[in-house]
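Enquirer: To start, I am sharing the structure in question, which I have written as C-alpha cells.
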Amino acid sequence: MCAGSGASLLELAASQGATLFVTGELSHHDVLRAHALGLEVLLAGHTNTERGYLPRLAAAVHATCGVECMVSTADRDPLA
C-alpha cells in the first residue's frame, strides 16, 4: 500500500510477493507494468490517500524536530 503515486514501488512490491498493489494513482502504462509483474491494482485517489497521513506526519515532525505543524483544513480534493 502506497499513498500518492506508487509507480516507483511496483517492482519492489512484486519482488516481495505482493499480488495486490493499493496506491493513489498510476499512469496507464504503470498499470500495464504492474499487470506484467503479476500485480492487481487498486487506485484509491492520489489526494485522498495522502490527506489521511498528514496529521501523523505533522506529529512526527513535531516529535522529531520540535517544529509545530498545522495541517490545512482548506485543502480539498481537486477531483471532487
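Enquirer: For the chain, what is the relative contact order in percent, using Cα pairs closer than 8 Å and at least 6 residues apart in sequence?
Expert: Numbers: 93 pairs, mean separation 21.1, N = 80.
Value for the chain: 26 percent.
Enquirer: What does the helix-only formula give at 222 nm for the chain: each DSSP H stretch with n ≥ 4 adding -39500 (n - 2.57), the total divided by the residues, and the result rounded to the nearest 500 deg cm²/dmol? Walk me through the intermediate numbers first.
Expert: Numbers: 4 runs with 33 residues, N = 80.
It lands at -11000 deg cm²/dmol.
Enquirer: Given Cβ point charges of +1 (Lys, Arg) and -1 (Asp, Glu) and nothing else, what value in debye, to the nearest 20, does the dipole of the chain about its Cα centre take? Show your work: numbers first, answer last.
Expert: Values: 4 positive and 8 negative charges, 17 e Å.
In debye, rounded to 20, the chain gives about 80.
Enquirer: Right, here's the next one. Expressed as an acute angle from 0 to 90° and rounded to the nearest 10, what is the orientation of the C-alpha long axis of helix 54-65 relative to the principal long axis of the chain?
Expert: Compared with the principal axis, the helix lies near 60 degrees.
Enquirer: On a full-extension model of 0.36 nm per residue, what is the gain between A44 and V61, subtracting their alpha-carbon distance, rounded to one decimal in nm? Could you put the intermediate results ahead of the total?
Expert: Values: separation 17, 0.36 × 17 = 6.12 nm, distance 2.56 nm.
Length difference between fully extended and current span is 3.6 nm.
Enquirer: With the dipole of segment 2-65 worked out from charges on the C-beta (+1 for Lys and Arg, -1 for Asp and Glu) around the Cα centre, which of A7, T47, H62 lies farthest toward the positive end?
Expert: It is H62, whose Cα lies furthest towards the positive end.
Enquirer: Run the simple label-point estimate for H35 and S72 please: 7 Å along Cα→C-beta, distance reported in nm.
Expert: Calculated label separation equals 3.6 nm.
Enquirer: Averaging over every viewing direction, what projected area does the convex hull of the Cα atoms of segment 2-65 cover, in nm²?
Expert: On the way: hull surface 19.3 nm².
Here the figure is 4.8 nm², rounded to one decimal.
Enquirer: Rounded to the nearest 0.05, what FRET efficiency is calculated for L54 and S27 with R0 set to 25 Å and r the Cβ-Cβ distance?
Expert: Values: r = 24 Å, r/R0 = 0.96.
With a Förster radius of 25 Å, E is 0.55.
Enquirer: Top mean-square fluctuation among L26, L39, L57, Gaussian network model of the chain, C-alpha springs under 10 Å?
Expert: Of L26, L39, L57, the most mobile in the Gaussian network model is L57.
Every read-out reported here was derived from the displayed coordinates using simple, explicitly stated rules and does not represent laboratory data. These numbers come from a predicted model, not from an experiment. Heads up, the Cβs are rebuilt from the backbone with ideal geometry, glycines too, and the neighbour counts pull from every protein chain shown.
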